[in-house]
1. Can you tell me how region 50-89 classifies by the Cα gyration tensor, rounded, prolate or oblate, using a/c under 1.5 as the rounded cut?
2. Take every Cα-Cα distance within region 26-256, group them into 5 Å bins from 0 onward, and report for each bin the whole-number percent of pairs it holds.
3. Which whole number in µm²/s is D for region 119-257 by Stokes-Einstein, with the Kirkwood Rh taken over Cα pairs at 10 °C and 1.306 mPa s?
4. Using Cα pairs under 8 angstrom and six or more residues apart, how large is the relative contact order of region 117-257, in percent?
5. In nm, to one decimal, how far is the D85 label point from the V141 one, both placed 7 Å along Cα→Cβ?
6. Quote the FRET efficiency, to the nearest 0.05, computed for L157 versus R185 with a Förster distance R0 of 25 Å and r equal to the Cβ-Cβ distance.
7. Please give the Cα centre distance for region 1-51 versus region 57-95, rounded to the nearest Å.
8. With charges set only on the Cβ (+1 for Lys and Arg, -1 for Asp and Glu), what does the dipole of region 51-155 come to about its Cα centre, in debye to the nearest 20?
Amino acid sequence: MALDEILISRAIIERYHQKLTENLETDVAIVGAGPSGLVAGYFLAKAGKKVVLFERKLSIGGGMWGGGMLFNEIVVQYEALAILDEFGIRYRQYQDDYYTADGVEAVASLTAEAVRAGLTIFNCISVEDVMMRPDRVEGLVINWSPVEMAGLHVDPLTVRASYVIDATGHDTDVVQMVDKKNPGRLNTSTGGIIGQKAMWADRAESDTTENTKEIFPGLYVAGMAANATAGGPRMGPIFGGMLLSGRKVARELAEKL
Ligand code: 48H
Ligand code: FE2
C-alpha cells in the first residue's frame with residue numbers, strides 16, 4: 001500500500017480534535033505536568049475520574065528532568081518510596097532515609113503510567129485564565145503556547161471542570177490569576193499569595209503536603225505551588241514532597257467527586 005500524506009494529515013487532525021472535544025468537560029483539570037501534577041493525574045485517573053492536564057511546554061516533567069543543578073539524579077526520602085514503587089521507578093538507598101533515582105526514568109515513568117491509567121495530557125497549551133461562576137472556579141481558559149510566546153492577539157478556548165488543580169510549581173500561575181481578580185479571598189493566613197520562603201528542606205517537605213488544599217472554591221493547589229502560595233520554604237532537589245502532594249490532592253478530590 002502506498003502511503004498517502006493527506007491521509008496521514010487527516011488522521012492527526014481528526015484524532016486530535018476528537019481528543020480535545022472529548023475533554024472540553026471534565027471532572028478535574030490539572031495545570032502543569034511537573035511531578036505533582038503527573039502524580040495527581042495518575043491517582044485521579046486510577047480512581048476512575050475524568051482528568052485532563054495542560055502543560056505549557058512541549059516537554060512533560062517540569063523541574064524533575066534536571067535533578068539538582070543539571071545533575072540528573074533526584075533524592076527521594078523514605079516516606080515517599082511507596083509512590084516510586086507504584087510507578088515502577090527504580091531507586092537506590094544512599095544513606096539512612098535518603099534514596100536516589102534517575103531523573104529521566106522518574107519523569108518518563110510518571111508520564112507513561114499516568115497516561116496508561118487514563119490521564120489525557122495536552123502539551124504546548126498554556127492556561128491563561130480561569131472561568132468563574134461567580135464565586136467559584138469552574139474551568140480553564142486555554143491557548144496555544146506559541147500564540148502566547150509570539151504575543152499574538154488570538155482569543156482562547158475554554159474547558160469546564162468540576163475542580164481545577166494548580167500544579168504550576170514556583171509560578172503559581174492559576175492562583176495568581178484568581179488572586180488578582182478576587183483580592184484577599186485565598187485560603188491562606190493573609191488571604192493573598194504569601195510567596196516562597198528561603199531554602200529549608202526538612203520544613204519545606206512537610207509544609208508541601210500540609211499546604212496542599214482547596215485554596216479558593218473549586219481550585220486546589222499542589223506541589224511547589226502550594227508552598228509558594230502559603231509561604232512555605234523551598235526544598236531544593238528532593239522530590240518526596242511533590243509526589244506526596246500529588247497523591248494527597250488526588251485522594252481528596254476522588255473522595256469529593
Ligand atoms: C500550563 C504551566 C503554566 C500555565 C506553568 O515546576 P514543576 O516541576 O512543578 P511541581 O510543583 O510539580 O514540582 C516542583 C519541582 O519541580 C521543583 O521545582 C522543586 C522541588 N523545587 C525546589 C526548589 O527549591 O526550587 O512543573 C510545573 C509545570 C511546568 O512544566 C510548567 O511549564 C507548567 O507547570 N506551567 N502549564 N499553563 N499557565 N504555568
Ligand atoms: Fe524548583
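Bear in mind these aren't lab numbers, they're just calculated from the coordinates by the rules spelled out. Everything numeric in this text was worked out from a predicted model, so none of it was measured. Methodologically, a virtual Cβ is constructed for each residue, glycine included, from the backbone with ideal geometry; neighbour enumeration extends over all protein chains shown.
1. oblate
2. Cα pair-distance distribution for region 26-256, in percent: 1, 7, 16, 20, 21, 17, 11, 5, 2, 0, 0.
3. For the chosen part, D equals 103 µm²/s.
4. Reported relative contact order: 21 percent.
5. In this crude label model, D85 to V141 measures out at 4.6 nm.
6. Working: r = 26 Å, r/R0 = 1.06.
Using R0 = 25 Å, I get an efficiency of 0.40.
7. Region 1-51 and region 57-95 have Cα centres separated by 24 Å.
8. Values: 7 positive and 16 negative charges, 49 e Å.
Computed about the Cα centre, the dipole is about 240 debye.
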